[in-house]
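To start, the structure under review is shown below, and the notes come after it.
The values are calculated or read from the model by the stated rules, or taken from the named source; none is laboratory data. Owing to the predicted nature of the structure, the values given are computational and were not obtained by experimental measurement. Here the Cβ positions follow ideal geometry from the backbone for every residue, glycine too, while neighbour counts run over all protein chains shown. Accessible surface areas use protein heavy atoms only, side chains included; no ligands, DNA or RNA. Shrake-Rupley method; radii C 1.70, N 1.55, O 1.52, S 1.80 Å.
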Amino acid sequence: MSSDLQIGLSGLLAAQRAMLVTAHNISNANTKGYTRQSTIMAARPPFVTSAGTIGQGVDIVRITRHKDDYINSRLRDISSSLGSASVTSQYLRELETVFNETSEASLNNALASFFKGINDLSMNTENVSSRAALLEKANTLTDTFHRIADEMNQMKIFIQQSIESKISEVNKLSESIAQINKEISVIHVRDIEANDLLDKREALLEDLSKLVNISVTSQNNGMVSVSSPGGTLVSGDSATSFDSEIDDFGEIEVINSGNKNVKYAFHTGEIKGLQDFYNVTLVRYREKLDTMAFGLVQEVNKIHSEGVGLSGGFTSLMSTNAVTSTTANLQDAGLEMAPSSGDIYLTVINKSTGEVTKNVISVDVSTDSLTDLQTAIDGVANISASVADNKLRILADSGYQFNFSYALDPNPGTMGTSTASVSGIYSGQANDVYTFTALGAGTIGSTAGLQVEVKDSSGTVIATLDVGDNYIPGNTMNVGNGISLSLSSGAVTAGDTFSLDVINDSDTTDLLAAMGINTFFKGTDASDILVSEEIAGDVSRIAASTGEVGNTTNALRLAALQHDTNAVEKTTFSDYLHQIASSLGEEAGNAYRSEESFTDLETSLRNRRDEISGVSTDEELVNLVRFQQAYQASAKYISIVDGLVESLLTSIG
C-alpha cells in the first residue's frame with residue numbers, strides 16, 4: 001500500500017507546486033521584466049514486474065521560463081538606438097528654444113532693429129538722438145548674442161552632468177549584473193534554473209542597453225559576459241568601472257576608471273547621444289553663431305574705420321587689438337582678423353586753413369611688422385605714431401586732424417592760374433588716380449574749343465570736358481563715377497595738369513579693422529562681442545560720414561550691409577540666420593521621426609515578447625482550476641487508499 005500512497009502523494013505535491021507557480025505568475029502579472037514560468041512534469045521511473053511496468057507517480061522536473069533569446073537581444077539593440085535617438089530629439093528641441101527665432105526677442109529681430117537704427121541715422125547723421133538709439137539697438141544685439149551663447153554654455157554643463165550621472169548608473173548596473181551572475185552560478189551548479197534571478201538580470205541588461213549598446217554572451221556556468229565597443233563591462237562576477245573626462249580638444253570622453261588610456265566609443269545609447277550632442281551638435285551650432293558674430297564685427301568695422309563722426313577727424317587714436325609681437329610679420333602677428341597687403345589712405349587736415357593732404361601708406365603684411373607700420377605713419381607730415389603694449393597709437397600735431405576717410409580732396413590743385421575744386425563721392429570699383437590735362441591754351445570760360453581731358457592711371461580717357469566759351473567758371477561738370485569738377489577763371493597752356501586720388505576703399509589692407517582703430521564693435525565671437533568703449537562713451541564718434549561732417553555716405557554703406565550677399569559665408573546676415581534655424585529645425589524633425597520609428601519598433605518587439613513571456617491572468621486562472629482539480633483528485637485517491645487500508649486492518653484485526 002505504501003506505493004499507492006506515494007503515487008497519490010506525488011500527484012498531490014505536483015499539483016500543489018504547479019498551483020504555486022501559477023500563483024507566482026498571477027502575482028507578477030504587472031511586474032516589469034517578469035517572464036512567465038510553467039512546470040514541466042514527468043512520470044517517475046516505473047516499478048518493473050513480470051507482468052509489466054507499474055507507474056510510480058509524477059515529479060516536477062523543471063520550472064521553466066518562457067523566453068525568446070533572439071527577441072530579447074533585438075529588444076536590447078532597439079532600446080539602445082531609441083536611447084540615443086530620444087536624447088538627440090530632446091536636446092535639439094531645447095536648442096531650438098535657445099535660438100527662439102519665432103519670438104520677438106530673436107537674434108534676427110535684434111539684427112533687423114540694429115540695421116533700422118543705421119537707416120534712421122542715415123536720414124540725419126548729425127542727430128544725436130538717432131545716434132543714441134542706434135547705440136541701444138547695438139547693445140540689444142550684442143546682449144542677444146550673449147544670451148544665446150550663455151544658454152548654449154549652460155546646456156553643455158547640464159549635458160556633462162547628465163553624462164556623469166548616466167555613467168554612474170552604468171557602473172551600478174554593471175555591478176548588480178556581476179553580483180547576480182555570482183548568485184546564479186551558485187544555483188546553476190545544482191542544475192537548477194534561477195528563474196527570478198534570470199528575470200532580474202534580463203531587466204538590468206535592458207536598462208543597461210538604454211544607456212550604452214552592449215553585446216551579451218552566455219557562459220556554461222549560467223553567467224553572462226557583457227561587452228561594448230572598447231572593452232568589457234561585465235565578466236563573470238566582476239564589473240568594469242567607467243568615468244568621463246574632457247580631452248585636449250574640449251570633447252567629453254568615456255574612459256576606464258582604472259586605465260584612462262582605454263576609451264569607450266559607443267555606437268548607440270543615451271550616453272552616445274549625449275556625447276554626440278556635446279562634442280558635435282553644440283559645437284557646430286556654436287561655431288555658426290560665432291561665425292555670425294565675428295562676421296558682423298568684421299564687416300561693420302571695415303566700413304566704420306574709414307568714416308568720421310561729428311568731429312570730422314581725430315587728434316588721437318589708439319588700436320584696441322594688440323599684436324603678439326611688434327616685430328612679427330603682420331599676417332603672423334596674432335590678429336584675429338586676417339589683414340591683406342595693400343594701401344592705407346591717411347588724410348591730414350589743417351584745421352585753420354582746411355587744407356587736406358592725402359597720404360598713401362603701402363603695406364606688405366608678409367614682410368611688414370607693426371613697428372614698420374608705425375615708422376611709415378610717423379613719417380607723415382604733422383602726424384606722429386608710437387607703439388605701446390603691442391598696440392599702435394597715432395597723434396596729430398597741434399592744429400591738425402587726421403582720418404582714414406575715402407572722401408575726395410576738395411582742392412586737388414591748380415591748372416595754370418585756374419583753381420580746381422572737386423565734389424561728389426567716387427563710385428568706381430577700384431582705387432585709382434585721375435589725371436586732368438589741358439588740351440590747349442587759353443582762358444577758362446573764354447577761349448572757344450578749350451578742353452580738359454581726364455584719364456585714369458591706365459591711360460583710359462574717362463571724360464573730355466568743354467571749358468571754353470560755353471563754360472561758366474565755377475560751375476560743376478560731371479567727370480563720371482560720381483565725381484564733379486569746377487574750375488575758376490584763369491589762363492592755361494597745353495599740358496597743364498593736376499591729379500586726383502579717387503578712392504572707394506581707403507584701407508585695402510583691412511588693418512584698421514583688424515587692429516581695432518576707429519571701430520564700432522570689438523570681440524571675436526558671440527560671447528564677447530560688444531560695442532567699443534569709445535562709441536559707448538561718446539555716440540558722436542559713430543562714423544556715419546566720410547570727409548565732410550553731415551554727409552550720409554558711411555551710414556549708407558553700413559546700412560547696405562543688411563543686404564550684402566557676401567556679408568557672411570557668401571550670404572546675407574539674415575539669410576545666414578535663416579539657414580541656422582532651418583538646419584536646426586530639419587535636424588530636430590529628423591531626430592523626432594527617428595525616435596518615433598524606434599519607439600514603434602520597440603513597441604512591436606515588446607508585444608511579441610509579451611506574447612511569449614507575458615502573463616495572461618485568464619490563462620493562469622484556467623491552469624489554477626486545472627491544477628486544483630488534479631490536487632483534489634489526488635487527495636481523493638489518497639483518502640480512498642487510506643480507507644482501504646483501514647478496512648483491511650480491521651478485517652485482519
Revision key, fill the gap. At R0 = 45 Å the Cβ-Cβ FRET efficiency linking Asp248 and Thr571, nearest 0.05, sits at 0.85
Revision key, fill the gap. To the nearest 10 degrees, the tilt of helix 573-613 (Cα long axis) against the first principal axis of the alpha carbons of the chain is 0
Practice item. For the stretch 532-639, count all C-alpha to C-alpha pairs, find those more than 19 Å apart, and express that count as a whole percent of the total. Key: 77
Point to revise | Cα extents of the stretch 579-653 along the three principal axes, largest first (Å) | key: 106, 16, 13
Exercise for review: Using amide H atoms built 1.01 Å from N in the peptide plane, name the residues 5+ places from Phe498, or on other chains, whose amide H lies under 5 Å from its own.
Suggested key: Phe436
**Study point:** For the stretch 95-212: relative contact order, % (alpha-carbon pairs under 8 angstrom, 6 or more apart)
**Key:** 20
Practice item. Report the far tail of the P(r) of the stretch 533-594, meaning the percent of Cα-Cα pairs longer than 15 Å. Key: 68
**Study point:** Label zone at Val61, where the point sits 7 Å out along the Cα-to-Cβ direction: the stretch 181-197 residues whose backbone N lies under 17 Å
**Key:** 191-193
Practice item. Give the value in nm², to one decimal: projected area of the alpha carbon convex hull of the stretch 98-202, averaged over all directions. Key: 9.7
Review point. What is the P(r) of the stretch 399-454, as percent of Cα-Cα pairs per 5 Å bin from 0?
Key: 4, 13, 21, 22, 15, 12, 7, 4, 1
Exercise for review: For the stretch 283-410, list log₁₀ I(q)/I(0) at each q in 0.12 Å⁻¹, using the Debye formula over Cα point scatterers of equal strength and ignoring solvent, two decimals each.
Suggested key: -0.52
Practice item. Over the alpha-carbon set of the stretch 1-88, work out the extent along each principal axis and list the three values in angstrom, largest first. Key: 75, 27, 10
Exercise for review: State the Kirkwood hydrodynamic radius of the chain in Å, one decimal place, computed from all pairs of distinct Cα atoms.
Suggested key: 32.9
Practice item. Quantify, in whole percent, the carbon and sulfur part of the accessible surface of the stretch 353-469 (1.4 Å probe; protein heavy atoms only). Key: 45
Exercise for review: Provide the per-residue ³J(HN,Hα) series for the stretch 639-645, in order, calculated from phi with Karplus coefficients 6.51, -1.76, 1.60 and θ = phi - 60°, each as a whole number of Hz, with x at glycine and proline positions.
Suggested key: 4, 5, 4, 4, x, 5, 5
Revision key, fill the gap. Contact order relative to length for the chain, counting C-alpha pairs under 8 Å separated by 6 or more residues, stands in percent at 20
Review point. What lysines sit close enough to Lys391 to cross-link, taking a C-alpha to C-alpha distance under 25 Å and skipping anything fewer than 8 places away on the same chain?
Key: Lys302, Lys358, Lys522
Check your understanding: Tell me, what HN-Hα J-couplings in whole Hz come from the Karplus equation 6.51 cos²θ - 1.76 cosθ + 1.60 at θ = phi - 60° for each residue of the stretch 129-134, using x for Gly and Pro?
Key -> 5, 5, 5, 5, 5, 5
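Specify, per residue and in Å³, the volume enclosed by the convex hull of the alpha carbon atoms belonging to the stretch 15-139. Mind showing how you got there, number by number?
Details: hull volume 17.6 nm³, N = 125.
Value for the stretch 15-139: 141 Å³ per residue.
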Check your understanding: Short version: ³J(HN,Hα) in whole Hz for each residue of the stretch 136-150, in order, from phi by Karplus 6.51 cos²θ - 1.76 cosθ + 1.60 (θ = phi - 60°), x for Gly and Pro, what are they?
Key -> 5, 5, 5, 5, 4, 4, 5, 4, 5, 4, 4, 4, 5, 4, 5
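Taking a 23 Å limit on the Cα-Cα distance, which of the listed pairs Lys166/Lys200; Lys32/Lys263; Lys455/Lys570 fall beyond it?
Lys32/Lys263; Lys455/Lys570
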Check your understanding: Rule-of-thumb check for the stretch 291-341: C-alpha Rg over 2.2 N^0.38 Å?
Key -> 1.36
Exercise for review: Please report, to one decimal in angstroms, the Kirkwood hydrodynamic radius of the stretch 158-302 built from all distinct Cα-Cα pairs.
Suggested key: 17.2
Check your understanding: What does the convex hull of the Cα atoms come to per residue for the stretch 458-617, in Å³?
Key -> 272
Revision key, fill the gap. Residue span Arg147 to Ile71: 0.36 nm per residue of separation minus Cα-Cα distance leaves a gain in nm of 22.6 nm
Exercise for review: Just grab the label-to-label distance for Asn470 and Ser499, each label 7 Å out from Cα along the Cβ direction, in nm (one decimal).
Suggested key: 3.1
Check your understanding: Which value in nm describes the separation of the simple spin-label points at Asn390 and Phe158, placed 7 Å from the Cα toward the beta carbon?
Key -> 3.8
Review point. Just for the Cα atoms in the stretch 307-365, what are the lengths along the principal axes, largest first, rounded to whole Å?
Key: 41, 22, 18
Practice item. Give the relative contact order (percent, whole number) for the stretch 216-282; include only Cα pairs under 8 Å separated by 6+ residues. Key: 21
